[in-house]
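Here it is, the structure, as structure tokens.
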Ligand code: NA7
């Protein structure tokens with residue numbers, strides 16, 4: 001194979017390619033588009049699903065909705081495309097986002113370079129010519145110089161290893177791998193396990209017509225109102241007219257997202273005061289305003305709510321008072337009040353979750369106090385001996401986040417070392433983008449990057465741009481491999497950990513820390529320094545000729 005010659009080959013119909021992209025969610029689509037159409041590389045994307053969409057393809061459970069505002073949750077790669085697509089609500093449903101993804105695929109003519117229904121089993125680096133061989137579960141293989149992992153930060157469903165699971169004779173679903181067929185809960189007895197974002201969303205659908213709906217809660221999460229609504233007349237047009245300027249502005253913000261599409265109407269800007277710098281009455285007023293406005297403005301209403309335990313407790317108390325107002329049964333209300341520090345788990349935005357507990361068909365079951373013992377042919381047995389007989393079990397038990405999609409593949413780098421083993425004690429990367437010992441392998445949305453702590457689409461695009469520039473630089477200079485210097489990587493990991501330790505995020509159990517998966521090493525998995533700082537760090541390294549990375553030329557080319 002003459003990989004150096006394949007750059008202008010364009011058609012990408014063969015198996016020897018410049019670039020292979022694993023995953024066709026937003027990250028993979030952006031990478032395919034940029035590398036193929038802007039840079040004229042031969043690229044092939046490999047996707048396990050039968051269509052593009054990633055998270056939004058797999059999480060098609062009833063009630064699924066995004067928690068970033070629709071007008072901000074879109075790719076900026078094509079000015080024409082961003083003008084042509086229309087959103088309907090402040091926060092888009094899964095269905096609308098999946099339609100948008102399909103629109104992108106059609107409009108940018110991406111499908112012809114994606115192999116759907118294809119799951120990658122392994123990716124093996126060959127030191128002799130700096131190539132990667134990617135092999136699918138079906139036995140097909142692809143050879144490329146640059147490998148882009150876009151397999152998603154929240155894409156490996158966590159199905160807890162409940163004893164007896166296989167014996168259950170009813171219907172069993174996981175929210176993160178929801179079937180395409182319509183699933184009805186009408187008249188059925190349904191148990192849902194898990195009350196994170198997915199659980200909170202699907203609960204409101206199950207409870208509509210289930211004969212009996214058991215909500216098995218291990219930990220109560222913090223939930224704030226989304227304030228979802230149809231887009232105001234003219235709102236969309238105004239954002240579209242100002243997209244370049246607004247996108248620039250959003251990128252100056254910590255999460256690369258604003259709490260409303262327009263910064264002018266009506267203003268709800270992040271607070272600039274400590275919660276302890278205001279009197280209780282003023283505090284209440286500020287929280288009330290953010291609460292009524294909806295969305296994540298609430299957690300930025302003061303500077304320290306996500307930083308210190310004392311401030312976080314006050315935010316939690318505010319939410320507790322709202323739950324007590326809403327939920328009629330005082331015992332159920334107390335169970336729904338989170339004992340976690342506000343912000344340690346991803347805060348959920350929602351509308352009617354607490355209301356379902358006022359319905360006769362819904363029962364909240366505390367499975368921290370009385371844990372699940374086993375699954376039986378007819379339902380779920382708790383350790384107390386209580387048997388909950390159901391027709392359907394819905395697991396809303398989350399994901400092996402950030403590392404799961406990577407560690408479940410056999411990824412072998414230099415010397416045949418397996419990424420899964422290298423990360424046994426926890427992931428180590430430089431900028432979240434590359435791993436020492438795995439030359440030429442780039443990760444989008446990986447551990448130690450902003451990923452799901454920012455507007456994930458913006459974060460994806462920033463990483464795609466960085467990778468594109470990097471590959472261009474390497475090709476222009478004749479380099480055939482790049483990997484982090486191990487010291488630079490260790491410094492980045494330390495930096496990421498220091499930033500996290502200064503926040504509330506590390507003070508609880510969540511998928512942020514790996515604590516949701518039995519046996520997963522504990523450590524903060526994301527960069528909390530904010531999107532602008534992350535981007536600045538990436539840009540600075542690039543501007544210094546990829547300082548902290550080892551750039552090499554394949555032996556036969558030198
Ligand atoms: P999450 O937020 O990880 O929530 C998973 C839920 O499942 C959570 O309530 C867990 O309880 C519960 N869970 C997990 N394992 C068990 C077992 N073994 N027994 C009982 N309950 C269990 O996943 P989501 O899918 O809701 O959301 C993930 C992200 O996607 C979300 O943050 C958004 O960014 C989008 P726990 O809290 O661990 O006690």
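Taking residue 129, is it more than 16 Å from the ligand (Cβ to nearest atom), surrounded by 15 or more Cβ atoms within 10 Å (Cβ to Cβ), more than 30 Å from residue 344 (Cα to Cα) and at pLDDT below 95? Please lay out each step first, then the result.
On the way: more than 16 Å from the ligand (Cβ to nearest atom): yes; surrounded by 15 or more Cβ atoms within 10 Å (Cβ to Cβ): yes; more than 30 Å from residue 344 (Cα to Cα): yes; at pLDDT below 95: yes.
Yes; evaluated as a whole, the condition is true for this residue.
Then there is this: Search region 175-189 for residues being in contact with a strand residue (DSSP E or B) (Cβ under 6 Å, 6 or more places away or on another chain) and under 18 Å from residue 53 (Cα atoms), and hand back the single one that is surrounded by the fewest Cβ atoms within 10 Å (Cβ to Cβ). Working first, answer last.
Step one: of region 175-189, the residues in contact with a strand residue (DSSP E or B) (Cβ under 6 Å, 6 or more places away or on another chain) are 176-177, 188-189.
Next, only the ones that are under 18 Å from residue 53 (Cα atoms) stay: 176-177.
Numbers: 176: 23, 177: 15.
Filtering region 175-189 for residues that are in contact with a strand residue (DSSP E or B) (Cβ under 6 Å, 6 or more places away or on another chain) and under 18 Å from residue 53 (Cα atoms), the one surrounded by the fewest Cβ atoms within 10 Å (Cβ to Cβ) comes out as 177.
Continuing with the same structure: Taking residue 512, is it modelled with pLDDT of 90 or more and under 19 Å from the mean Cα position of the chain (by Cα)?
Yes, satisfied.
Now for a different question. Out of the residues in region 518-536 that are in a loop (DSSP other than H, G, I, E, B) and buried (at least 19 other Cβ atoms within 10 Å of the Cβ), state the one that is farthest from the ligand (Cβ to nearest atom). Don't jump to the end; show me each part of the working.
We begin by selecting, within region 518-536, every residue in a loop (DSSP other than H, G, I, E, B); these are 518-530.
Now drop any that are not buried (at least 19 other Cβ atoms within 10 Å of the Cβ), which leaves 520, 523-529.
On the way: 520: 12, 523: 16, 524: 15, 525: 12, 526: 11, 527: 16, 528: 15, 529: 19 Å.
This residue is 529.
Taking the residues in region 496-506 that are touching a residue at least 24 places away in the same chain (Cβ under 8 Å) and surrounded by fewer than 17 Cβ atoms within 10 Å (Cβ to Cβ) as candidates, determine which candidate is farthest from the chain's Cα centre (by Cα).
502
So which residues in region 363-397 are touching a helix residue (DSSP H, G or I) at 6+ places or on another chain (Cβ under 7 Å) and either surrounded by fewer than 20 Cβ atoms within 10 Å (Cβ to Cβ) or more than 24 Å from residue 187 (Cα to Cα) (or both), if there are any at all?
366, 376, 377
Next up: If you take the residues of region 448-478 that are surrounded by 22 or more Cβ atoms within 10 Å (Cβ to Cβ) and in a loop (DSSP other than H, G, I, E, B), which of them is farthest from the ligand (Cβ to nearest atom)?
448
Evaluate the following for residue 236: is it in contact (Cβ under 8 Å) with a residue 40 or more places away in the chain, part of a helix (DSSP H, G or I) and within 16 Å of the ligand (Cβ to nearest atom)?
no
If you don't mind, another one. Any idea which of (1) without any contact (Cβ under 8 Å) to a residue 40 or more places away in the chain; (2) near the ligand (Cβ under 9 Å from one of its atoms) is the one residue 160 doesn't satisfy?
(1)
For residue 344, indicate whether it is touching a residue at least 40 places away in the same chain (Cβ under 8 Å) and under 26 Å from residue 507 (Cα atoms). Give the steps one after another, and end with the answer.
Values: touching a residue at least 40 places away in the same chain (Cβ under 8 Å): yes; under 26 Å from residue 507 (Cα atoms): yes.
The answer is yes for residue 344.
Condition test on residue 155, is it closer than 28 Å to residue 16 by Cβ, within 16 Å of the ligand (Cβ to nearest atom) and either in contact (Cβ under 8 Å) with a residue 24 or more places away in the chain or outside any helix (DSSP H, G or I) (or both)?
Yes.
Kindly provide the set of residues from region 176-190 that are assigned to a loop (DSSP other than H, G, I, E, B) and within 16 Å of the ligand (Cβ to nearest atom), ordered by number.
Taking region 176-190 as the starting set, the residues that turn out to be assigned to a loop (DSSP other than H, G, I, E, B) are 178-188.
Once the filter is applied, which keeps residues that are assigned to a loop (DSSP other than H, G, I, E, B) and within 16 Å of the ligand (Cβ to nearest atom), region 176-190 yields only 178.
Given the residues 418, 433, which is the only one that is within 17 Å of residue 407 (Cα to Cα) and without any contact (Cβ under 8 Å) to a residue 24 or more places away in the chain?
418
Table: residues versus (1) without any contact (Cβ under 8 Å) to a residue 40 or more places away in the chain; (2) outside the structural domain of residue 220 (by TED's automatic domain parsing); (3) under 14 Å from residue 22 (Cα atoms); (4) buried (at least 23 other Cβ atoms within 10 Å of the Cβ).
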residue: 125; (1), (2), (3), (4): no, yes, no, yes
residue: 137; (1), (2), (3), (4): yes, yes, yes, no
residue: 143; (1), (2), (3), (4): no, yes, yes, no
residue: 191; (1), (2), (3), (4): no, no, no, yes
residue: 208; (1), (2), (3), (4): yes, no, no, no
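Return yes when residue 57 is surrounded by fewer than 22 Cβ atoms within 10 Å (Cβ to Cβ) and under 30 Å from residue 207 (Cβ atoms) and no when it is not.
no
Does residue 117 count as within 30 Å of residue 437 (Cβ to Cβ) and either modelled with pLDDT of 95 or more or within 23 Å of the chain's Cα centre (by Cα) (or both)?
Taking the combined requirement at face value, the residue does not satisfy it.
Sticking with this one: (1) farther than 22 Å from residue 144 by Cα; (2) part of a helix (DSSP H, G or I): which one isn't true of residue 427, the others all being true?
For residue 427, the exception is condition (2).
Starting from region 75-93, keep only residues that are without any contact (Cβ under 8 Å) to a residue 60 or more places away in the chain, then list their pairs with residues that are surrounded by 17 or more Cβ atoms within 10 Å (Cβ to Cβ) and assigned to a strand (DSSP E or B) whose Cβ atoms are within a distance under 6 Å, requiring at least 6 positions of separation or different chains.
Hits for this filter: 93/65.
So in region 193-216, with the set limited to residues that are within 22 Å of the chain's Cα centre (by Cα) and within 24 Å of residue 377 (Cα to Cα), which one is nearest to the ligand (Cβ to nearest atom)?
For region 193-216, the residue satisfying everything is 194.
Just wondering, is there one or more residues in region 482-500 that are in a loop (DSSP other than H, G, I, E, B), closer than 25 Å to residue 340 by Cβ and assigned by TED's automatic domain parsing to the domain that holds residue 126?
At the first step, the residues of region 482-500 found to be in a loop (DSSP other than H, G, I, E, B) are 485.
Next, from what is left, pick out any that are closer than 25 Å to residue 340 by Cβ: none.
No, region 482-500 has no match at all.
The values are calculated or read from the model by the stated rules, or taken from the named source; none is laboratory data. None of these values were measured; they are calculated from a predicted model. Cβ coordinates were reconstructed from backbone atoms using ideal geometry, including for glycine residues, and neighbour counts include every protein chain displayed.
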